[in-house]
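A.B. asks: My questions will all concern the structure given below.
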Amino acid sequence: MKRQIPLMIVLILGLLFVAHVFIPNKLSSDYLDWFMKWMKVIGPFAIVLGVFSLVYVHYNKIKRKAPTWGYSIVTLTALVVTTAVGFIWGIQEGTPYMWIFKNFNVPLGATMFSLLAFYIASAAYKAFRARSIEATVLLVAAIIVMLGRVSIGQAITHWIPDITEWILNVPNLAAKRGIALGVGLGMTATSLKIMLGIERSYLGGKD
Amino acid sequence: METVTDKEEIEEIENRIALYSDYIEDKPEIVKKANQLKSDKERMKLLYKTHCTNIRSFKYYIRKTDGQGHFIDTPIYTAPNGEQYIFPKQNWFNNDEIITLIAVLLFAALVYFMIQAARKGKRLYIRPIAGIQEIDNAIGRATEMGRPILFVPGLSGISDVATLAGLAILSKVAKKAAEYDTRILVPCRDFIVLPIAQEIVKEAHYEAGRPDTYDKNSVFFITQAQFAFVAGVNGIMIREKTATNFYMGMFWAESLLMTETGSATGAIQIAGTDAVNQLPFFITTCDYTLIGEELYAASAYLSKQPLILGTLKAQDYMKLLIVVTVVLGTILSTVHLTFFMNWFPAK
Amino acid sequence: MTETIGIWIAAFLTLCMFSFLYKDNPFYKFAEHLFVGVSMGYYIPYTYYNAFIPYAYEPLFLKKEYILIIPFIIGFLYWFRFSSKYSWVSRYPIAFSMGMVGMGVPMNMHANVLVQMRTMMLPLNSINIILIFVGTISILLYFFFSKAHKGVYGKFTSIGVWFMMVGFGASFGYTVMARISLLIGRIQFLLGDWLGLIK
Amino acid sequence: MKFADRIQKVDRRIIYVILLLAVVLPLVFRLGFKTYTTTPVEDLYRHIDAAAGRDDMSILMDFTHDPGVLPELYPMDLAILRHCFERNIKVFTISFLPQGAAIIQMALSEVKEDYPNIEANVDYCNFGFKPWSLKLPIMLGMGDDIAEAVETNSEGLKLENLPIMQNMKNYDNIQVVVEISGSSMGQFWVTYARAKFGVDVAVGLTAVMAADVYPFLQTGQFIGSLGGLKGAAEYEQLVDIFAMNGEEFSKKKARNMSWVEAQYKELPELAQLYKYSKARIGMDAQAIVHVLIIIFIILGNIGYFLDKREQKKNM
């Protein structure tokens, strides 16, 4: 009941989906239609998981007066205010909700990762070392690609963009294909293991 | 309801009735048939079915062109019974996918049986991975210097294969460290990974016969926030002067920040991840890097966990099969025999 | 007016984030926590209006397709995730949505393995195709763990390492490019939209 | 302190300031480098352009990206939309992230300002946000019937009643799906929509992912790709020199730098707006910073090798 039935559900639905791929019959497309229709109803409920665990973590922090609990108030307030604004004034263009998105979400999200530019610059100076022949090859290829993708490379000689294109289309292609085949097999294996009930960690819990 | 009395009007209505009955008389069989049915619903059903058949029926002819606007058409194909419209038949199997079916069945069987074999404790050979030797050396170095070891089991959760592989390696590293009596620090980002890592390190100390040296606080949680976690790890590297840093598991954009600090403190750094986008950073900033599947192989080699080992072996044989097939296909296509290649899907 | 206030707020938050470069500080922490809250708060109304209403509420309550009461209830079972005693109940919706992995098995094999194999079998009639062929095979053999890397075989697999290093180099160059682009974007905002220095 | 030590021990804040200057200066004092175009970008442009003026063909843009990658991807969003509106190509937009839906609205309203004749639900249709958990159902469902799979547009209107849908049934009416994202979402389209229904897929990616798609470009699983800010800059340029100047696409012309230069001189006013050349202006700063980073790598390595030699001598 706790574990066996969910695993059976995954197995049966999974096998039907495997069959669906190979059987171009009306029955098979009806099955897909049915599943989609139900999935569309179930899907939106999943958001509860995310919201709940976020609220739970921060609520606990505030309750226990954990270090930096004050910031948890910031998170929860932002959560409540944004949600409320969305429900009160709607979510179309020109509403306060979109204003929050434009002036809070966008700058915060975009700046978070732009910090990495600084880290890369300092790592370029302090940590990217040609420690071995392999690392040297890597760095040389990287330098060519970096030059080849900007106009300065073109200005020095048209060979640099040409070599860049060649690197991307030949050795890079071979490398990425070799790796992608491994990844493709890995993904297939993971799907198989989930379907056959060998891999169950997604169910969570101990029993 | 009103009664029509005007003569002209009556005439017009009668005309109209006559027109519609003619219309129905003349109509194809299907309308008549529908007319005989009792309920509206059944009538609609029949008409809809016919509609579906009709829109899916086709006429065919072949047009040959030279690609420059000149073309010739054949007459429309007529079946022996004189019918020009052709209705496609429902198939029970998509013949284009037969190669996919074979590949899937083969692979499924390999995965299943290899995992079973590994569970039964069958000896499955895995080649020695160069990095494993390095792991031993690095632990030895920390012992000589009398400084602690840092082990980061990735930032991801337990459902990630890389995290599992990282934890399997942790168990061996912790055991070695316990034998040499060297301190090991394990910062975690995930709530679920934390207790598992604690258990693993504790177990390792027992196995090494030194339960007394196990310190519960050496495996600890820092924070969930990505960059703040890294700031915490960097603080540890600088304060504790760790001699060896291991990064085994799943890493994201923050990888670079940790390894830069590690390289500044002069630690030996060994990394292993299947995050392809972070690998270049690890290769240029670490002394040794386990690339992609090497991480799984190393953990299977060290831990012999059936799930990891069996999957690895199954993928291994599949890869061998791919190599053989591709070499064969290439030889054939190079001598202009393309039938083999054409069995494989192009889209 | 709201436009201007908005830009000033955005600029302030951008600078808060940048302050982490100096060191971890309350401004950064404030911005970081604010981000988490706003993103999640953003999610809820959107899902409600764009998913719950058209897919769950309308068909069930307005079109009266009563059979959908079953998935509706299954969806509700997600809530049990947070009960320590009944958390197993939430496995039912998870299992239901996991059913689709079945499709992933043949589709992944098809798109990520077989199609790639077909392109690998091109006739070897140019130097580049030969290079790609040798590179891919040697990488596949490098990640083949059932045979030790010795002798000629070992030499061949080490070719794979060279190919991979060039490939990683390309990714490395591109990653550097990506991070810098993000910074450029932010500076364009600060200089252009906020200070009006670029037009 | 020795030279080797001195180069190795520079304070990181000095490096940060140098980097900042390298970004700010080229943005303020514009350099005006011309970019050159590459095959994957040209392929995508040509492919989209082939749907010009047809009312039974459209392109589907999937905006599954969040604000974190906007600087790289937003210029792409604008450039492709502008191309479509200029050349009268029908566009559908969708996003499987709620943040993406807001980005669609931002991009649409920004481009629409300049094209007053373009009408919602006639020339384009915004499907809006559809939850992540529904990506496969919708992707597969569109192979059969778009209106049935997507159901409503972003305003909650039923698709089947909209004018734009009159000649659109399924993937046969979609010239190309353009996935613009910072994740491997494009793979989903290839694995499911393309493998099953054969629809053409192209991607606009952050540069981080750009090198990984080459195997899929060779197989044709992606018919084109835009990689990072460079890809966006190239697309901006193609839109300017061909669509805005009323020229038919030709690869030869696109590669001829003097022809390109000449085209730039004839641009209509609309094409000279700052928002439509953001990526190209950014590429100037990008060029300077790349050179700076390369210098950093070389300097750092010189220090490293001098240090290593020193250590050997002392041993």
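A.B. asks: List the pairs whose first member sits in the stretch B:149-177 and is open to solvent by 10 Å² or more (accessible area, probe 1.4 Å), whose second member is among the charged types (D, E, K, R), and whose Cβ atoms are under 8 Å apart, counting only residues at least 6 apart or on separate chains?
C.D. replies: Going by the 8 Å Cβ cut-off, the qualifying pairs are B:Ser156/B:Asp190; B:Gly157/B:Asp190; B:Ile158/B:Asp190; B:Val161/B:Asp274; B:Ser171/B:Glu203; B:Lys175/B:Glu207; B:Lys176/B:Asp136.
A.B. asks: When the stretch D:286-302 is examined, which residues are found to be open to solvent by 20 Å² or more (accessible area, probe 1.4 Å) and either more than 7 Å from every other protein chain (Cβ to nearest Cβ) or within 22 Å of D:Ala232 (Cα to Cα) (or both)?
C.D. replies: Scanning the stretch D:286-302 gives D:Ile288, D:Val291, D:Leu292, D:Ile295, D:Ile298, D:Ile302.
A.B. asks: Also: Sort through D:Tyr45, D:Tyr16 and tell me the only one that's modelled with pLDDT of 90 or more, surrounded by 13 or more Cβ atoms within 10 Å (Cβ to Cβ), outside the structural domain of D:Ser258 (by TED's automatic domain parsing) and under 24 Å from C:Ile184 (Cβ atoms).
C.D. replies: Unique residue meeting the criteria: D:Tyr16.
A.B. asks: Out of the stretch D:243-272, which residues are surrounded by fewer than 14 Cβ atoms within 10 Å (Cβ to Cβ) and not in a helix (DSSP H, G or I)?
C.D. replies: Answer for the stretch D:243-272, where residues must be surrounded by fewer than 14 Cβ atoms within 10 Å (Cβ to Cβ) and not in a helix (DSSP H, G or I): D:Gly246, D:Glu248, D:Ser250, D:Asn256, D:Glu266, D:Pro268.
A.B. asks: So is C:Val161 touching a residue at least 12 places away in the same chain (Cβ under 8 Å), among the β-branched types (Val, Ile, Thr) and either buried (at least 22 other Cβ atoms within 10 Å of the Cβ) or more than 7 Å from every other protein chain (Cβ to nearest Cβ) (or both) or not?
C.D. replies: Against the criterion (touching a residue at least 12 places away in the same chain (Cβ under 8 Å), among the β-branched types (Val, Ile, Thr) and either buried (at least 22 other Cβ atoms within 10 Å of the Cβ) or more than 7 Å from every other protein chain (Cβ to nearest Cβ) (or both)), C:Val161 does not qualify.
A.B. asks: Select from the stretch A:9-28 the residues that are outside any loop (DSSP other than H, G, I, E, B), open to solvent by less than 70 Å² (accessible area, probe 1.4 Å), within 7 Å of another protein chain (Cβ to nearest Cβ) and under 16 Å from D:Gly141 (Cα atoms) and list them in ascending order.
C.D. replies: A:Phe17, A:His20, A:Val21
A.B. asks: Inside the stretch C:117-131, can you point out the residues that are open to solvent by less than 50 Å² (accessible area, probe 1.4 Å), of a type in the set (A, V, I, L, M, F, W, C) and without any contact (Cβ under 8 Å) to a residue 12 or more places away in the chain?
C.D. replies: Selection gives C:Met117, C:Met121, C:Leu122, C:Ile129.
A.B. asks: Return the residue satisfying two criteria in turn: it lies in the stretch B:237-256 and is open to solvent by 10 Å² or more (accessible area, probe 1.4 Å) and more than 28 Å from the chain's Cα centre (by Cα), and of such residues it is nearest to the other protein chains (Cβ to nearest Cβ).
C.D. replies: Only one residue tops the list, namely B:Ile238.
A.B. asks: Do any residues in the stretch A:26-39 that are under 20 Å from B:Lys49 (Cβ atoms) have Cβ atoms under 6 Å from those of residues that are open to solvent by less than 40 Å² (accessible area, probe 1.4 Å), where the two are at least six apart or on different chains, and which pairs are they?
C.D. replies: From the stretch A:26-39, the pairs are A:Ser28/A:His20.
A.B. asks: Cβ-Cβ below 7 Å, separation at least six or inter-chain, first residue in the stretch B:33-51 and over 21 Å from B:Phe87 (Cβ atoms), second in a loop (DSSP other than H, G, I, E, B) and of a type outside the set (Asp, Glu): which pairs?
C.D. replies: B:Arg43/B:Leu37
A.B. asks: Return the pair list, or none, for Cβ contacts closer than 8 Å from residues in the stretch D:107-121 that are part of a helix (DSSP H, G or I) to residues that are open to solvent by 20 Å² or more (accessible area, probe 1.4 Å) and aromatic (Phe, Trp, Tyr), at least 6 apart or on different chains.
C.D. replies: Within 8 Å, the pairs are D:Ala107/D:Tyr74.
A.B. asks: With the structure loaded, tell me whether A:Gly86 is part of a helix (DSSP H, G or I), open to solvent by less than 10 Å² (accessible area, probe 1.4 Å) and within 7 Å of chain C (Cβ to nearest Cβ) or whether it fails that test.
C.D. replies: Yes.
A.B. asks: Moving to a separate point now. Of the residues C:Leu114, C:Leu141, which is under 28 Å from the mean Cα position of the chain (by Cα), in a helix (DSSP H, G or I) and more than 7 Å from chain A (Cβ to nearest Cβ)?
C.D. replies: C:Leu114 is the lone residue from the list that is under 28 Å from the mean Cα position of the chain (by Cα), in a helix (DSSP H, G or I) and more than 7 Å from chain A (Cβ to nearest Cβ).
A.B. asks: State all residues of the stretch A:105-144 that are closer than 30 Å to D:Gln99 by Cβ and among the β-branched types (Val, Ile, Thr); if no residue qualifies, say none.
C.D. replies: The answer is A:Val106, A:Thr111, A:Ile120.
A.B. asks: Could you check D:Ser109 against (1) within 14 Å of chain C (Cβ to nearest Cβ); (2) within 14 Å of the chain's Cα centre (by Cα) and say which number it fails?
C.D. replies: (2)
A.B. asks: Looking at the stretch D:193-211, which of the residues that are part of a helix (DSSP H, G or I) and either open to solvent by less than 20 Å² (accessible area, probe 1.4 Å) or of a type in the set (A, V, I, L, M) (or both) is nearest to D:Leu229 (Cα to Cα)?
C.D. replies: D:Ala207
A.B. asks: Anything in the stretch B:307-326 that is farther than 14 Å from C:Phe145 by Cβ and more than 7 Å from chain C (Cβ to nearest Cβ)? List them, or say none.
C.D. replies: B:Leu307, B:Leu321, B:Val324
A.B. asks: Right, something else. Here is a check on your reading of the model: is C:Arg179 within 7 Å of another protein chain (Cβ to nearest Cβ), open to solvent by 20 Å² or more (accessible area, probe 1.4 Å) and under 28 Å from A:Phe118 (Cβ atoms)?
C.D. replies: yes
A.B. asks: Of a type in the set (Val, Ile, Thr) and more than 7 Å from every other protein chain (Cβ to nearest Cβ): does that describe A:Val41?
C.D. replies: No; evaluated as a whole, the condition is false for this residue.
A.B. asks: Have a look at A:Ala135, A:Ala175, A:Ala141 and point out the one that is touching a helix residue (DSSP H, G or I) at 6+ places or on another chain (Cβ under 6 Å), modelled with pLDDT of 90 or more, more than 7 Å from chain C (Cβ to nearest Cβ) and in a helix (DSSP H, G or I).
C.D. replies: Unique residue meeting the criteria: A:Ala135.
The values are calculated or read from the model by the stated rules, or taken from the named source; none is laboratory data. Just so it is clear, the structure is predicted and the values come from calculations on it, not from any experiment. Don't worry about glycine lacking a Cβ; one is built from the backbone with ideal geometry, like all the others, and counts go over all protein chains shown. In case anyone asks, the SASA skips ligands and DNA or RNA and just uses the protein heavy atoms, side chains included. Shrake-Rupley method; radii C 1.70, N 1.55, O 1.52, S 1.80 Å.
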